[in-house]
1. How far apart, in nm, are the 7 Å Cα→Cβ label points at R276 and R164?
2. Please compute the volume of the convex hull spanned by the alpha-carbon atoms of region 3-48 and report it per residue in Å³.
3. Would you look at the GNM of the chain, springs on alpha carbons closer than 10 Å, and say which of Q306, Q182, Q119 moves the most?
4. Return the distance in nm (one decimal) between the two label points of a simple spin-label model at D181 and I49, each offset 7 Å from Cα along Cα→Cβ.
5. Report, in debye and to the nearest 20, how large the dipole of region 201-258 comes out about its Cα centre when Lys and Arg carry +1 and Asp and Glu carry -1 on their Cβ.
6. Name the shape class, rounded, prolate or oblate, that the alpha-carbon gyration tensor gives for region 219-310, where a ≥ b ≥ c are the square roots of its eigenvalues, rounded holds for a/c under 1.5, and otherwise prolate holds if a/b is larger than b/c and oblate otherwise.
7. What distance in nm separates the two pseudo spin-label positions at S303 and K238, each 7 Å out from Cα along the beta-carbon direction?
8. Gaussian network model of the chain, Cα springs within a sub-10 Å range: biggest mean-square fluctuation belongs to which of H33, H154, H80?
Amino acid sequence: MKTILTGIRTNSVLTLGNYLGALLPMVRLANKHSKDSHVNIFVPDLHSIISEVDGDLKANIVRTIKYYLAAGLELNENVHFYRQSYVPAHSELCWILNCVATMGETSRMIQYKEKSKGQESCNVGIFDYPILMAADILLYSAEFVPVGEDQFQHIEMARNLAMRFNNRFGETFVVPARTSDQVKFMEVENAIRIRDLLSPEKKMSKSTAAENSKIMLDDEPAKAAKKIMSATTDSLGKVKFDMFNQPGISNLLQIEALVTDTPLQDVISTWAGETRYGDLKKKVAESVSEMLTVFQGRLAEISDEQVYELLEAGEKYANEVAKAKLFDAQKAFKLR
Ligand code: TRP
């Protein structure tokens, strides 16, 4: 049986953009494939500590697992939730891969360059990030690894490390699919990128200071509705889906489609030619507030105990699979 694997960092509460653009598509994929594939959804808590964590990391992890469940993830015996730090093989394989990876290729990672830029003393974890990520993937022989575009370079690095290892030591790791095939698997030709409500030419981001620029998943529904009402639009006076010339309006249409689970094309034709932006905003505000009410209600129904039970079962499975693969890698270096 094949394995699909994904992880999401839990450094803070997610935005509506993270939810619609990353979490929900992942839940759809998981539900589609979990009948005949293993679906590993893990929390890369060791990746979290390369930078500041808002709040308590343990609580953030529990909240993130609840997000998946509240978003409609269907559980069955093929779906496995686990925490990276509870499966020591991740760190151990990371060390072995450190001895296969080169300084040159690791230094070329865009995320490393961006995160270390202007920092007087960048921690080594930021540099080692993609190698730990390769370990996360290779331990489970995962072919498909749904992630956002910003992580594609890391997937390519995992592929390179697997191929180099296999060439040097014989077939040990399954090489993950190349990113072009990952994109096909994810069925998203155009990645969904929800925009900042005040500056719609930018992506919605939790790190933007202005409160009204973003909707957080724990926002009061009425407050979220107000933020939509105050979203920046344009002065063209005609509703049209055109991310380049009308990013604010296009963003609202996109949000409406996703929160109401309607094909974007249908939403676009419903509103085509409308001249009163206020009407569109009112509708989107209602839809967002309704979605948040339902989502937050579901979230409140999931207990911490339920999450811990899932994690414990998942970690038992993950440790078995990961240990066996780690052993192969240890043998390659004559550690075993
Ligand atoms: N780097 C990913 C992100 O920031 C999270 C992650 C860590 C991950 N390890 C992974 C994703 C392995 C997929 C597979 O989004």
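1. Calculated label separation equals 6.2 nm.
2. Expressed per residue, the convex hull around the Cα atoms of region 3-48 is 62 Å³.
3. Among Q306, Q182, Q119, the largest mean-square fluctuation in the Gaussian network model of the chain belongs to Q119.
4. Placing both labels 7 Å beyond Cα along the Cβ direction yields 3.5 nm.
5. On the way: 9 positive and 8 negative charges, 17 e Å.
It works out to roughly 80 debye.
6. Working: a/c = 2.96, a/b = 2.26, b/c = 1.31.
Cα axes put region 219-310 in the prolate bin.
7. 5.8
8. Maximum fluctuation in the GNM of the chain, among the listed residues, is at H33.
Values quoted throughout were computed directly from the atomic coordinates according to the rules given, and no laboratory measurement underlies them. Computed from a prediction, not measured in an experiment: that's the story for all the values here. Here Cβ is always computed from backbone atoms with ideal geometry, including for glycine, and neighbour counts include all displayed protein chains.
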